[in-house]
1. Calculate one ³J(HN,Hα) per residue across region 63-70 by plugging θ = phi - 60° into the Karplus curve 6.51 cos²θ - 1.76 cosθ + 1.60, and present them in order as whole Hz with x for glycine and proline.
2. Show HIS64, HIS3 ordered by accessible area, largest first, where the area counts protein heavy atoms only and the probe is 1.4 Å.
3. Report in % the part of the accessible area of region 26-78 that belongs to carbon and sulfur, leaving out ligands and nucleic acids; probe 1.4 Å.
4. With a/c under 1.5 counting as rounded, go ahead and sort the chain into rounded, prolate or oblate using the C-alpha gyration tensor (a ≥ b ≥ c being the square roots of the eigenvalues; past the cut-off, prolate if a/b is larger than b/c, else oblate).
5. Enumerate by residue number the GluC sites (Glu not before Pro) in region 1-66 meeting two conditions: DSSP loop (anything except H, G, I, E, B), and at most 10 other Cβ atoms within 10 Å of the site's Cβ.
6. Which order do ILE34, ILE49, ILE65 take when ranked by solvent-accessible area (1.4 Å probe, heavy atoms of all protein chains), largest first?
7. Which ³J(HN,Hα) values, rounded to whole Hz and listed in residue order, are derived for region 18-25 from phi using the Karplus coefficients 6.51, -1.76 and 1.60 in 6.51 cos²θ - 1.76 cosθ + 1.60 with θ = phi - 60°, glycine and proline given as x?
8. Pairs of Cα atoms under 8 Å, at least six residues apart: use those to get the relative contact order of the chain, whole percent.
Amino acid sequence: PWHVAVYDETMVTLDTTTPGPYRGYDRNRLFGGIGRRLNSTFTTEFGYIWENSTLRGPLQRNEHIASAVLNVSWPRLR
(Lines give C-alpha, C1' and ligand atoms only; values in the text may rest on other atoms or scores of the structure.)
Protein backbone atom coordinates (compact mmCIF):
# COMPACT_ATOMS: atom_id res chain seq x y z
CA PRO A 1 0.00 0.00 0.00
CA TRP A 2 3.01 2.39 0.25
CA HIS A 3 4.73 3.96 -2.75
CA VAL A 4 7.50 6.43 -3.52
CA ALA A 5 6.77 9.30 -5.90
CA VAL A 6 9.39 11.34 -7.76
CA TYR A 7 8.92 13.67 -10.71
CA ASP A 8 10.66 16.53 -12.45
CA GLU A 9 8.94 18.98 -14.78
CA THR A 10 10.66 21.70 -16.77
CA MET A 11 8.67 24.51 -18.37
CA VAL A 12 9.77 26.54 -21.36
CA THR A 13 8.04 29.66 -22.70
CA LEU A 14 7.74 29.69 -26.49
CA ASP A 15 7.48 33.46 -26.90
CA THR A 16 8.00 36.67 -24.90
CA THR A 17 4.84 38.25 -23.49
CA THR A 18 4.30 41.61 -21.81
CA PRO A 19 3.92 41.61 -18.83
CA GLY A 20 5.11 38.04 -18.57
CA PRO A 21 8.08 35.76 -18.89
CA TYR A 22 10.74 36.04 -21.56
CA ARG A 23 11.13 33.36 -24.19
CA GLY A 24 13.06 30.29 -23.03
CA TYR A 25 13.50 28.62 -19.64
CA ASP A 26 10.68 29.54 -17.25
CA ARG A 27 10.76 27.12 -14.29
CA ASN A 28 11.61 23.65 -13.04
CA ARG A 29 9.80 21.68 -10.35
CA LEU A 30 11.33 18.68 -8.60
CA PHE A 31 9.13 16.58 -6.29
CA GLY A 32 9.93 13.72 -3.94
CA GLY A 33 7.56 12.07 -1.51
CA ILE A 34 5.76 9.02 -0.21
CA GLY A 35 2.20 7.91 -0.65
CA ARG A 36 -0.21 5.37 0.74
CA ARG A 37 -3.34 3.80 -0.68
CA LEU A 38 -6.00 4.05 2.00
CA ASN A 39 -8.64 2.00 0.18
CA SER A 40 -9.89 1.49 -3.38
CA THR A 41 -11.09 5.13 -3.55
CA PHE A 42 -8.53 7.24 -1.64
CA THR A 43 -4.76 7.65 -1.90
CA THR A 44 -2.63 10.18 0.01
CA GLU A 45 0.73 11.62 -0.94
CA PHE A 46 3.10 13.74 1.16
CA GLY A 47 6.29 15.30 -0.07
CA TYR A 48 8.55 18.21 -0.86
CA ILE A 49 8.67 20.39 -3.98
CA TRP A 50 11.66 22.51 -4.95
CA GLU A 51 10.82 25.03 -7.66
CA ASN A 52 13.37 27.17 -9.47
CA SER A 53 11.79 29.94 -11.54
CA THR A 54 12.85 33.02 -13.43
CA LEU A 55 11.19 36.36 -12.96
CA ARG A 56 11.12 39.10 -15.56
CA GLY A 57 14.78 39.67 -16.36
CA PRO A 58 17.77 37.74 -15.03
CA LEU A 59 16.31 37.22 -11.53
CA GLN A 60 15.89 33.66 -10.29
CA ARG A 61 13.79 32.49 -7.38
CA ASN A 62 13.81 29.22 -5.40
CA GLU A 63 10.63 28.06 -3.70
CA HIS A 64 10.41 25.33 -1.04
CA ILE A 65 6.96 23.77 -0.74
CA ALA A 66 5.55 21.09 1.59
CA SER A 67 2.85 19.21 -0.28
CA ALA A 68 -0.06 17.05 0.90
CA VAL A 69 -2.45 15.55 -1.64
CA LEU A 70 -5.59 13.43 -1.36
CA ASN A 71 -6.43 11.61 -4.60
CA VAL A 72 -9.99 10.39 -5.14
CA SER A 73 -10.71 7.68 -7.72
CA TRP A 74 -14.41 7.41 -8.32
CA PRO A 75 -15.68 3.94 -9.24
CA ARG A 76 -16.42 3.41 -12.93
CA LEU A 77 -20.03 3.50 -13.97
CA ARG A 78 -21.06 0.66 -16.25
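1. The phi angles translate into 10, 10, 10, 8, 10, 9, 10, 10 Hz.
2. The residues order as HIS64, HIS3, largest area first.
3. Numbers: 2250 of 3950 Å².
Whole-percent figure for carbon plus sulfur exposure: 57.
4. Prolate shape, in that a/c is at least 1.5 and a/b is the bigger ratio.
5. Of the GluC sites (Glu not before Pro), not one in the loops of region 1-66 has a Cβ with at most 10 other Cβ atoms within 10 Å.
6. Largest accessible area first, the list is ILE34, ILE65, ILE49.
7. So the Karplus estimates, Gly and Pro as x, are 10, x, x, x, 7, 5, x, 4 Hz.
8. On the way: 160 pairs, mean separation 19.8, N = 78.
Rounded, it is 25 percent for the chain.
The values are calculated or read from the model by the stated rules, or taken from the named source; none is laboratory data. Just so it is clear, the structure is predicted and the values come from calculations on it, not from any experiment. No Cβ is skipped: glycine too gets one built from the backbone with ideal geometry, and neighbour counts run over all protein chains shown. Note: areas computed on protein heavy atoms with side chains; ligands, DNA, RNA excluded. Shrake-Rupley method; radii C 1.70, N 1.55, O 1.52, S 1.80 Å.
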